[in-house]
Amino acid sequence: MPYRLLRFALSKKHPEPAFFRQPEKLRPSYDAVIIGGGGHGLAAAYYLAKDHGITNVAVLERGYLGGGNTGRNTTIIRSNYLTPEGVAFYDASVKIWENLSQELDLNLFYSNRGHFTLAHTESAMSTMRWRAEVNKQMGVKSEVVGPDDIKHACPEIDLSCAGHAPILGALYHAPGSVARHDGVAWGYGRAASNMGVEIFQNTEVTGLDIQNGRIVGVQTSRGNIKTGKVLSAVAGFTPRITQMAGIRTPIVIHPLQACVTEPMKPWLDTILVSGSLHVYVSQSSRGELVMGASLDPYELHSTRSTLDFVEGLTSHILDMFPFLSGIKVVRQWAGMADMTPDFAPIMGKTPVEGFYLDAGWGTWGFKATPISGKTMAATLANDRPHDLINAFRLERFNEFELTGEKGAAAVGH
Amino acid sequence: MKILTCPINGPRPIDEFAYGGEAREMPDHQSCSDAEWADYVFNRAGAPGTKKEWWYHVPSGTWLIAERHTATDQVARTYLWGEA
């Protein structure tokens, strides 16, 4: 044990500075207010201060920092999407991720693992070929590989999946990575706070003040604020905020569950995803298997866990890895996923002037944390949508011009 | 919610049912505007509350309406369409 850790035991006061300032009171007004202290909201606050010099900003968090979907996902980072717009957006995110630990001066345990999307049917193979070609065209490293390559990367896998669903091949995406998700929120929060952004936890937004189609203020459980710019980055709470703003969206909330096993010696180096078996799995730096599945089948605003989920998921994991039959699941949890009909996010301006949305992140939001923060900060600062997020505008539904990402964003279709 | 009451077959485990989405009024597609049609096709009342929903009892092929609170997951009542 390094001796410098001893001071934590010997000191009566915590010997390190707090990660971020916790002001007692809200100011009467801010240049911008960000609702939601998760990765997306804090990243937007950070880039508002860093790229645009806007530091008179409040971040309002209903619970605790990173306690929503930022801390509930399975931490996978990739850019092997289906539409050119999606690939360009997520690739820009991966490029920020690669140096983010240095930029935030915090070890995010960013770990490049490689990412296999397994195909068990010919139709899945054809989607993999499609994605590989779009990715290559956009300069993103993705290729279709055969069963031998999968076995080489992961010798423990049963390629026949217990005979139910033999693996025909996979989309291999070399940049696929994992990172420590709560660290991302804390890193962005600390960096934003250092530049003057004020973060308020346990502060719930109870209403929005709108006059003549313009946002003029926010009502919170700690009092009212005047502001001309509000960003909503609240994932599963989006419909409650848009209802306050009188805006209709296609967003519907479904729970998404995940679980981890007890820790094991490292054996799974890559990230594996199977659309047919509805699972994704990777091994964390602590040795736990981090596993997720498809959405719960009906609308629910709740983070309850179910036995159905863990039974279904583990039976599919055992099809792939029979030797795990003696391993215990030690934790399970759920997040509230804000689903859109085309599996692409909703980002940018809204019919209310000065009110911006960063929403519709469903089951695919964590990997986009840096780029959504950067593009939403630019959108707020210039009052004009950033080029990278034009395909994700709310208006696309009115224009019948969807951005279909279902083939790349989801398992279980 | 673990049990849902089918108006034909009585209380049945939730595994036997499929979710059909919120029960909504379709506007007249001949007379409504493109914006009204887009609103009907895509937009939803996403905020939590008691909603009328379509559910399907798979083994018996019964479509029914459930009035369910989407935050507490409590079902107030179920009935066949038109019986309201």
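The values are calculated or read from the model by the stated rules, or taken from the named source; none is laboratory data. All figures in this text were calculated on a predicted structure; none of them were measured in a lab. Positions of Cβ are backbone-derived with ideal geometry, glycine not excepted, and every protein chain shown enters the neighbour counts.
From the list A:D308, A:D319, A:D296, A:D269, which one is touching a helix residue (DSSP H, G or I) at 6+ places or on another chain (Cβ under 6 Å) and either assigned by TED's automatic domain parsing to the domain that holds A:P166 or more than 25 Å from A:L82 (Cβ to Cβ) (or both)?
Numbers: A:D308 fails: touching a helix residue (DSSP H, G or I) at 6+ places or on another chain (Cβ under 6 Å); A:D296 fails: touching a helix residue (DSSP H, G or I) at 6+ places or on another chain (Cβ under 6 Å); A:D269 fails: touching a helix residue (DSSP H, G or I) at 6+ places or on another chain (Cβ under 6 Å).
Every option except A:D319 fails the conditions.
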The stretch A:33-111: helices (runs of 4 or more DSSP H) wholly inside it with 2 or more residues that are among the β-branched types (V, I, T) are A:84-98
So, A:G146, is that one surrounded by fewer than 16 Cβ atoms within 10 Å (Cβ to Cβ) and either modelled with pLDDT under 95 or out of contact with any Leu (no Cβ under 6 Å at 6 or more places or on another chain) (or both) or not? yes
Within the stretch A:280-308, take every residue that is hydrophobic (A, V, I, L, M, F, W, C) and modelled with pLDDT of 95 or more and give me the one that is nearest to A:R180 (Cα to Cα). A:V290
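Hey, among the residues in the stretch B:1-44 that are assigned to a loop (DSSP other than H, G, I, E, B) and among the hydroxyl-bearing types (S, T, Y), which one's surrounded by the fewest Cβ atoms within 10 Å (Cβ to Cβ)? Spell out how you get there, then give the answer.
First, the residues of the stretch B:1-44 that are assigned to a loop (DSSP other than H, G, I, E, B): B:1-2, B:7-9, B:23-33, B:43.
Now narrow it down to the ones that are among the hydroxyl-bearing types (S, T, Y): B:31, B:33.
On the way: B:S31: 7, B:S33: 9.
Restricting to residues being assigned to a loop (DSSP other than H, G, I, E, B) and among the hydroxyl-bearing types (S, T, Y), the top hit is B:S31.
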Check A:G36 against each of (1) over 22 Å from the mean Cα position of the chain (by Cα); (2) closer than 12 Å to A:L231 by Cβ and name the one condition it does not meet. (1)
Per the filter on the stretch A:275-316, residues among the charged types (D, E, K, R) and within 14 Å of another protein chain (Cβ to nearest Cβ) are A:D296, A:E299, A:R304, A:D308, A:E311
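Have a look at A:D182, A:D209 and point out the one that is closer than 30 Å to A:G71 by Cβ and outside any loop (DSSP other than H, G, I, E, B). Steps first, answer last, please.
Details: A:D209 fails: closer than 30 Å to A:G71 by Cβ.
Only one candidate qualifies: A:D182.
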Number of the exception - A:G228 against (1) farther than 30 Å from A:I150 by Cα; (2) in contact with a strand residue (DSSP E or B) (Cβ under 6 Å, 6 or more places away or on another chain); (3) not in a helix (DSSP H, G or I): (2)
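On the given criteria, is A:S325 away from chain B (no Cβ under 12 Å), surrounded by fewer than 20 Cβ atoms within 10 Å (Cβ to Cβ), among the hydroxyl-bearing types (S, T, Y) and in contact with a helix residue (DSSP H, G or I) (Cβ under 9 Å, 6 or more places away or on another chain)? Explain how you work it out, then say what you get.
Details: away from chain B (no Cβ under 12 Å): yes; surrounded by fewer than 20 Cβ atoms within 10 Å (Cβ to Cβ): yes; among the hydroxyl-bearing types (S, T, Y): yes; in contact with a helix residue (DSSP H, G or I) (Cβ under 9 Å, 6 or more places away or on another chain): yes.
Yes: the conditions hold for A:S325.
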